[in-house]
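Notes follow the structure.
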Amino acid sequence: MNRPVIPIAVMEVEVSKQRKRQAPKGRRVDPGALDAVQRLLGNGSRQRDLLIEHLHKIQDSFGHLSAAHLAALAQEMHLSQTEVFEVASFYHHFDIVKEGDAAPPPLTVRVCDGLSCEMAGARDLLARLPQLLGKDVRVIPAPCIGRCEQAPAVVVGQNPVPNASCNQLVAKVKASPTRHLPEGHIDYASYQANGGYALLNECVSGQREVESVIHALENSGLRGLGGAGFPAGRKWRIVRNEPAPRLMAVNIDEGEPGTFKDRVLLERDPHRFLEGVLIAAWTVGIARIYIYLRDEYHGCRALLETELEKLRAKPPIAAMPEIILRRGAGAYICGEESAMIESIEGKRGMPRLRPPYVAQVGLFGRPTLEHNFETLFWVRELVQKGGEWFASHGRNGRKGLRSFSVSGRVKQPGVKLAPAGITIQQLIDEYCGGMQDGHAFYAYLPGGASGGILPATMNDIPLDFDTLQPYGCFIGSAAVIVLSDQDSAVGAARNMMRFFKHESCGQCTPCRNGTAKASALIEKPHWDVELLADLSIVMRDASICGLGQAAPNVIDCVVKYFPKEMT
C-alpha cells in the first residue's frame, strides 16, 4: 500500500505544534507577569488545591487579577488558563481585569445591603458615598458581611466599620485604614492557664475512652448548629466507621444573612473551638483538619493564624494533626458542605450531587467529618459537664442551649445564649431590651434569609429544630431578624430574593432561573400568586441544594401570613 509522502517542512511544523502544546493552551505568558507570580508564590507548593490561595496572593498584592497574571499562574501551576479563569470568575472577591480594561480604584468600600443593614440606612450610604469619597475609591454593595448587629456595617479595604455613617467613613478612608484585629480574645497562654486543653490531654492519655466522648454528645442531644441540625454524636460514629485516612472540614463560611454568632465566639475564645476540633479529631481518628473561613472575616483570619502558630510551636499533645486554614473568596453557596469542600480543593464552589455523602466520599475523595464552628465550640463543655447538663436547659419542652444571632429593630442586638425553645417574644423582652423606641414588633425571620418570615401575632412558637416547619419556616443557624411597624414583609422578601439571585451558583436551572424569575415577579406592585406557587414547587423539588430549595420560603410566608401587603 502506497503511503503519501509528507514534506519535511510540514513535518517540522507538526513537531513544532506538538512541542508548543506541552505547555497549557491559551494566551502567551508575559515574562514580567510570570516573574511577579513566581516571586509571590516563592518556594510554596503549586499543588492544585492551592489555586484559590494563590489567587488571593495576587489579588492582595495588585488589587486585581489581570489576564497576564492569570495566564502566568496557570503556567506556574500546570493548569489550563480556562480552569484558572473559571475558578477566579466564580468568586465575588476576585476582580478580573481583561486586557485593555482599567484596573479598579486602589481602595474598595463594601456597603452591606443585607436586610438588617438596609433597615439601618445602607441605601443612603450607597447613594451618598461615591460622591463623598471620590473617584479613587470604589463603593459597591455587598451581600451580608456577618456584622448584622452593627448595622449598617461597611468594610473599608479589609477594615470593618460598625454602625457606619458617611462622616465616619470619609474619615476612615482618609486615615488609610489597616486590617482590623479583634481585641480582648483569650489567647493560648490564658486559655491553658484556665484549664484549656486538659480535656484533650485526658482523651489522648487514655483517661477517657472514645465511647464515653461520643456518648456525652449523644446524651446532650447536640445537633449541627450550622443549619442542617444533624445529630453530632451520630455523625462522629458514622465517619469513625469509615476507612482511614479520614479528614475533617470545619465550616466558618457563615454567609446566611442575619448570622454572625461564629464570628463573635471566635473573636472571644478561639482555643475553646480549637480544643473541640482536636477532641473531635482524636475521637473520630482524623488525619488532617481543614478550616474554611469566609473572606469577610479578615480580623478572625489574622487571629486564627496567630493562635495556630502558637499551637504548632508548643503543641498541647504529641502528634497533633495538621490544621490547615483555607480562605473563602465571597460565595454564599460555599456554606453548603459539599460546595465548601469543592472550594477547599481549589475549585468553583458547586454543590455535589448526593449520594455519595460527604461522610463517605468527601474532601479529596476521603471520608470527611464536616462541622460548623459552633458545634465544635460546645464540645469541651459538653464532655466535661456531661450531656445531661446541656440537655437540662431549654423551655417549652425543648432541650439544650442556642446562640441566637439577633439583629433588626431591637434595642440590644447581638449574640444571645438562650434556652432552646424560647419564643421570639421572650427573646426580645428578656435578652434584647425590648424593641427600639418608637418601633412596635411587626414580624420576624427566625432562621435568616432561608428560614421564612412570620408575623408578630405568632410570637409564641418555640424557637428550635423541628418546631417551625409546620409554619413553613425553620430555625437553621438561629439568625433572628426583627422587623417593626416601620418595615414591611414584602420589602424583606424582595431583599432576600435579590440576595438569592445574586448568590445562586448557577449549576442547576431551577435555582438559577427560579431565583431570578421570583425576584422579578415580587418586585412588581401586584404579585402573581399562582405563578409564584408553581415556581416554588419546581424550585423545592428540583434544585440540587438547599439554596434553591429554601429560597421560596420567604415568598410563601408573605403570601400566607401577609396577604394585605401584596395588594
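The values are calculated or read from the model by the stated rules, or taken from the named source; none is laboratory data. Nothing here was measured: the structure is a model prediction, and the numbers come from that model. Here Cβ is always computed from backbone atoms with ideal geometry, including for glycine, and neighbour counts include all displayed protein chains. Note: accessible area is taken over every heavy atom of the protein model, side chains too, but ligands, DNA and RNA are not part of it. Shrake-Rupley method; radii C 1.70, N 1.55, O 1.52, S 1.80 Å.
Does the stretch 224-233 contain any residue that is at pLDDT below 95, touching a Pro at 6+ places or on another chain (Cβ under 9 Å) and either surrounded by 20 or more Cβ atoms within 10 Å (Cβ to Cβ) or part of a loop (DSSP other than H, G, I, E, B) (or both)? Yes.
Counting residues that are charged (D, E, K, R) and modelled with pLDDT of 95 or more, which helices (runs of 4 or more DSSP H) fully inside the stretch 481-551 reach at least 3? Reasoning before the result, please.
Details: elements: 489-503, 509-522, 529-542, 546-550.
So the answer is 489-503, 529-542.
Residue under question is ILE324, and the condition is that it be among the hydrophobic types (A, V, I, L, M, F, W, C), closer than 20 Å to TYR188 by Cα, open to solvent by 10 Å² or more (accessible area, probe 1.4 Å) and under 18 Å from the mean Cα position of the chain (by Cα); does it hold? When the stated conditions are applied, ILE324 passes them. Among the residues here, ARG208 does not qualify as of a type in the set (Lys, Arg), open to solvent by less than 70 Å² (accessible area, probe 1.4 Å) and touching a strand residue (DSSP E or B) at 6+ places or on another chain (Cβ under 6 Å). Checking each residue in the stretch 483-528 for being open to solvent by less than 50 Å² (accessible area, probe 1.4 Å) and among the polar types (S, T, N, Q) picks out SER484, SER488, ASN495, SER504, THR515, SER519. For the stretch 283-379, the helices (runs of 4 or more DSSP H) that sit wholly inside it and include 3 or more residues that are out of contact with any strand residue (DSSP E or B) (no Cβ under 8 Å at 6 or more places or on another chain) are 298-313, 337-344.
For the stretch 197-210, the criterion of being under 20 Å from PRO270 (Cβ atoms), in a loop (DSSP other than H, G, I, E, B), over 20 Å from the mean Cα position of the chain (by Cα) and not small (Gly, Ala, Ser) is met by at least one residue.
Take the conditions (1) farther than 30 Å from ARG312 by Cα; (2) buried (at least 18 other Cβ atoms within 10 Å of the Cβ); (3) at pLDDT below 95; ASP136 misses just one of them, which is (2). Taking the stretch 297-319 as the range and being touching a helix residue (DSSP H, G or I) at 6+ places or on another chain (Cβ under 7 Å) and hydrophobic (A, V, I, L, M, F, W, C) as the test, the residues that pass are CYS300, LEU303, LEU304, LEU311, ILE317.
In the stretch 37-75, what count of residues is obtained for those that are within 22 Å of PRO105 (Cα to Cα) and either open to solvent by 10 Å² or more (accessible area, probe 1.4 Å) or within 25 Å of the chain's Cα centre (by Cα) (or both)? Show your work before the answer.
Just the residues of the stretch 37-75 that are within 22 Å of PRO105 (Cα to Cα), to begin with: 37, 40, 54-70.
Now restrict to residues that are either open to solvent by 10 Å² or more (accessible area, probe 1.4 Å) or within 25 Å of the chain's Cα centre (by Cα) (or both): 40, 54-70.
Selection size over the stretch 37-75: 18.
Considered as a group, the residues in the stretch 279-315 that are out of contact with any Phe, Trp or Tyr (no Cβ under 8 Å at 6 or more places or on another chain) and of a type in the set (Gly, Ala, Ser) include one that is surrounded by the most Cβ atoms within 10 Å (Cβ to Cβ), and that residue is ALA281. Checked against (1) farther than 19 Å from TYR197 by Cα; (2) in contact (Cβ under 8 Å) with a residue 60 or more places away in the chain; (3) part of a helix (DSSP H, G or I), ALA280 passes all but a single condition, namely (1). Given the condition out of contact with any helix residue (DSSP H, G or I) (no Cβ under 6 Å at 6 or more places or on another chain), part of a loop (DSSP other than H, G, I, E, B) and open to solvent by 60 Å² or more (accessible area, probe 1.4 Å), answer yes or no: does some residue in the stretch 152-174 qualify? No; the residues of the stretch 152-174 include none that is out of contact with any helix residue (DSSP H, G or I) (no Cβ under 6 Å at 6 or more places or on another chain), part of a loop (DSSP other than H, G, I, E, B) and open to solvent by 60 Å² or more (accessible area, probe 1.4 Å). Anything in the stretch 76-103 that is open to solvent by less than 70 Å² (accessible area, probe 1.4 Å) and over 25 Å from the mean Cα position of the chain (by Cα)? List them, or say none. GLU76, MET77, LEU79, SER80, GLN81, VAL97, ALA103, listed by residue number. Condition check for THR567 on (1) more than 22 Å from the chain's Cα centre (by Cα); (2) at pLDDT 95 or above; (3) more than 13 Å from ALA443 (Cβ to Cβ): one failure, at (2). Every residue in the stretch 236-265 that is over 27 Å from GLU503 (Cβ atoms) and among the small types (Gly, Ala, Ser), please. Once the filter is applied, which keeps residues that are over 27 Å from GLU503 (Cβ atoms) and among the small types (Gly, Ala, Ser), the stretch 236-265 yields only ALA244. For the stretch 120-135, a residue qualifies if it is in a loop (DSSP other than H, G, I, E, B) and either in contact with a Leu (Cβ under 7 Å, 6 or more places away or on another chain) or closer than 26 Å to GLY255 by Cα (or both), and the qualifying residues are ALA120, GLY121. Pairs meeting the criteria (first residue in the stretch 421-432 and on the phi < 0 side of the Ramachandran plot, second residue basic (Lys, Arg), beta carbons under 6 Å, at least 6 apart or on different chains) are ILE422/ARG395; TYR431/LYS416.
Need a quick list: helices (runs of 4 or more DSSP H) entirely within the stretch 1-111 having at least 3 residues that are out of contact with any Lys or Arg (no Cβ under 6 Å at 6 or more places or on another chain) and modelled with pLDDT of 95 or more.
Values: elements: 8-20, 31-41, 51-62, 67-77, 81-90.
Filter on the stretch 1-111 gives 31-41, 51-62, 67-77, 81-90.
Among the candidates HIS271, HIS185, the residue that is open to solvent by 30 Å² or more (accessible area, probe 1.4 Å) and either assigned to a helix (DSSP H, G or I) or under 22 Å from LEU308 (Cβ atoms) (or both) is uniquely HIS185.
Given CYS117, CYS144, which one is in contact with a strand residue (DSSP E or B) (Cβ under 8 Å, 6 or more places away or on another chain), crowded, with 20+ Cβ neighbours inside 10 Å and assigned to a helix (DSSP H, G or I)? Step through it out loud before you land on a result.
Details: CYS144 fails: assigned to a helix (DSSP H, G or I).
When all the criteria are applied, what remains is CYS117.
All of (1) at positive phi; (2) open to solvent by 10 Å² or more (accessible area, probe 1.4 Å) hold for GLN360 with one exception: (1).
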